[in-house]
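Right, one structure below, let's go through it.
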Amino acid sequence: MKREKKPPFLKSFGYAFEGILTGIRKERNMRIHTAAMILVVLAGTVLGLSAVEWCICLILFGLVMALELVNTAVEAVVDLVTEEKKPLAKVAKDTAAGAVLIAAIMAAVIGCIIFLPKLLAYVV
């Protein structure tokens, strides 16, 4: 059996970036996460986050946005496989969405821990 040739290394990055852009263009929640990321970067710049705080924010951006893309992929695959309502399809979609929700809630809580004291100090 002949193995299929893999695309060149740099072309693989192109496919990945295409996936990210598709997620941003087509998924409302991905656009919300992107907007939140931009706002956090602006606020972090104004409030002067430390290097550790920036690292925490970057890890959380990556986690939430990566999970949102995985959720989108799970939903697309489930929709591709079946058009009818199936309990396992619902489990797959709901648990993938739940993973994003947990990460987003934790990111918001951590964001409050990082930003609220800085905002209060900035205002007072």
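The values are calculated or read from the model by the stated rules, or taken from the named source; none is laboratory data. On a predicted model such as this, the values are computed, not experimentally measured, just so you know. All Cβ positions, glycine included, derive from the backbone under ideal geometry; neighbour counts span all protein chains shown. Surface areas here come from the heavy atoms of the whole protein model, side chains and all, with no ligands, DNA or RNA. Shrake-Rupley method; radii C 1.70, N 1.55, O 1.52, S 1.80 Å.
Residues in the stretch 11-53 that are more than 28 Å from V74 (Cα to Cα), small (G, A, S) and in a helix (DSSP H, G or I): A43, G44, A51. Do the conditions hold for L58, that is, is it in contact (Cβ under 8 Å) with a residue 40 or more places away in the chain and either on the phi < 0 side of the Ramachandran plot or hydrophobic (A, V, I, L, M, F, W, C) (or both)? So L58 fails the test. Take G14 and decide whether it is open to solvent by less than 90 Å² (accessible area, probe 1.4 Å) and at pLDDT below 95. Yes; evaluated as a whole, the condition is true for this residue. Looking at V77, V81, just one residue is at pLDDT below 95 and aliphatic (A, V, I, L, M), and that residue is V81.
Only residues that are without any contact (Cβ under 8 Å) to a residue 12 or more places away in the chain, open to solvent by less than 80 Å² (accessible area, probe 1.4 Å), in contact with a helix residue (DSSP H, G or I) (Cβ under 8 Å, 6 or more places away or on another chain) and hydrophobic (A, V, I, L, M, F, W, C) were counted across the stretch 74-109, and they come to 1.
Is it the case, given these coordinates, that L21 is open to solvent by 60 Å² or more (accessible area, probe 1.4 Å), more than 11 Å from the chain's Cα centre (by Cα) and not β-branched (V, I, T)? If you could, list the steps in order and put the result at the bottom.
Values: open to solvent by 60 Å² or more (accessible area, probe 1.4 Å): yes; more than 11 Å from the chain's Cα centre (by Cα): yes; not β-branched (V, I, T): yes.
It is true that L21 is open to solvent by 60 Å² or more (accessible area, probe 1.4 Å), more than 11 Å from the chain's Cα centre (by Cα) and not β-branched (V, I, T).
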